[in-house]
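Asker: I have a structure I would like to understand better, so I am pasting it below and will then ask my questions one at a time.
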Amino acid sequence: LATSAVTITSTGVGIGTTSPSFKLHVSGSTDILHLEGSGAPQLRLTDNSATSDGDTFGLVDFLAKDHAGSNTTANRLSNVVVDNTQGTFDSRFTISTRKAGTLTETLSAVSGFVGIGTTSPSSPLHVYHATTNGVALFESGDAQGGIALKDNSTSNNVFLLATGDNFGIQTGGV
């Protein structure tokens, strides 16, 4: 190589940096990493240690400089062991965002359930907020907004409808 793009130290390998702070530390301004494959390329994070219930086994952090110039985790993707008993392994995938200076678990997917504001959803969609009565807003861009409810043994939907300031219940149609 005419110029050294790779630095190897006792700490790790640096690409674009002469002082790596991780086993592999890649630094650049844009388009830093490109992984390519054919078929179904995979990026895999593997925790080789023994895991117990409640253990975090994979994190992807998105950092940015805060007002003081410090690197701050703005958002996080994480995986947590929910149940690691004999014969089963259940996990929780969580998206965390920063609100009012605190990294907060915002959305969780657990055993086929989705939780917004909760890390332990108890139904297919579980929305929770500790300090407000209005936990969800469904907004339509036209003159009428509605939510359809359907049982798999019926052919018609039941709609909860809002038209202007009026509320109604309707059956049939979409």
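The values are calculated or read from the model by the stated rules, or taken from the named source; none is laboratory data. In this text, all values refer to a predicted model and were calculated from it rather than measured experimentally. Positions of Cβ are backbone-derived with ideal geometry, glycine not excepted, and every protein chain shown enters the neighbour counts. The area values use the complete protein model at the heavy-atom level, side chains included, leaving out ligands, DNA and RNA. Shrake-Rupley method; radii C 1.70, N 1.55, O 1.52, S 1.80 Å.
Asker: Check whether at least one residue in the range 24-40 is over 26 Å from Thr11 (Cβ atoms), in a loop (DSSP other than H, G, I, E, B), of a type outside the set (Lys, Arg) and in contact (Cβ under 8 Å) with a residue 24 or more places away in the chain, and report yes or no.
Answerer: No, because not a single residue in the range 24-40 is over 26 Å from Thr11 (Cβ atoms), in a loop (DSSP other than H, G, I, E, B), of a type outside the set (Lys, Arg) and in contact (Cβ under 8 Å) with a residue 24 or more places away in the chain.
Asker: To continue, here is another question. Filter the range 104-126 down to the residues that are open to solvent by 50 Å² or more (accessible area, probe 1.4 Å) and either at pLDDT 95 or above or among the hydrophobic types (A, V, I, L, M, F, W, C) (or both), then identify the one that is farthest from the chain's Cα centre (by Cα).
Answerer: Result: Leu125.
Asker: Separate question: For the range 67-84, enumerate the residues that are in a loop (DSSP other than H, G, I, E, B) and either under 16 Å from Glu105 (Cα atoms) or at pLDDT 90 or above (or both).
Answerer: His67, Ala68, Gly69, Ser70 - these are the residues of the range 67-84 that are in a loop (DSSP other than H, G, I, E, B) and either under 16 Å from Glu105 (Cα atoms) or at pLDDT 90 or above (or both).
Asker: Among the residues in the range 5-22, are any closer than 30 Å to Ser108 by Cβ and either among the hydroxyl-bearing types (Ser, Thr, Tyr) or out of contact with any strand residue (DSSP E or B) (no Cβ under 7 Å at 6 or more places or on another chain) (or both)?
Answerer: Scanning the range 5-22 turns up at least one residue that is closer than 30 Å to Ser108 by Cβ and either among the hydroxyl-bearing types (Ser, Thr, Tyr) or out of contact with any strand residue (DSSP E or B) (no Cβ under 7 Å at 6 or more places or on another chain) (or both).
Asker: Sticking with this one: Which pairs have Cβ atoms under 6 Å, sit 6 or more apart or on different chains, and link a residue in the range 116-143 that is over 21 Å from Asp83 (Cβ atoms) and in a strand (DSSP E or B) to one that is aromatic (Phe, Trp, Tyr) and open to solvent by less than 90 Å² (accessible area, probe 1.4 Å)?
Answerer: Sorted first by the residue in the range 116-143, then by its partner, the list stays empty.
Asker: Do the conditions hold for Gln86, that is, is it within 23 Å of Val13 (Cα to Cα), loosely packed, with under 10 Cβ neighbours inside 10 Å and out of contact with any helix residue (DSSP H, G or I) (no Cβ under 7 Å at 6 or more places or on another chain)?
Answerer: Here the answer is no, as Gln86 does not meet what is asked.
Asker: Give me the residue from the range 15-29 that is open to solvent by less than 100 Å² (accessible area, probe 1.4 Å) and farther than 30 Å from Val80 by Cα and, out of that set, modelled with the lowest pLDDT.
Answerer: The extreme case among them is Gly28.
Asker: Just wondering, is there one or more residues in the range 157-172 that are in a loop (DSSP other than H, G, I, E, B) and open to solvent by 90 Å² or more (accessible area, probe 1.4 Å)?
Answerer: yes
Asker: Related question: Residue check: is Asp53 in a loop (DSSP other than H, G, I, E, B) and either surrounded by 12 or more Cβ atoms within 10 Å (Cβ to Cβ) or in contact (Cβ under 8 Å) with a residue 24 or more places away in the chain (or both)?
Answerer: Criteria met by Asp53.
Asker: While we're on this one: Scan Arg44, Arg76 and give me the residue that is surrounded by 14 or more Cβ atoms within 10 Å (Cβ to Cβ) and under 18 Å from the mean Cα position of the chain (by Cα).
Answerer: Criteria check complete, one pass: Arg76.
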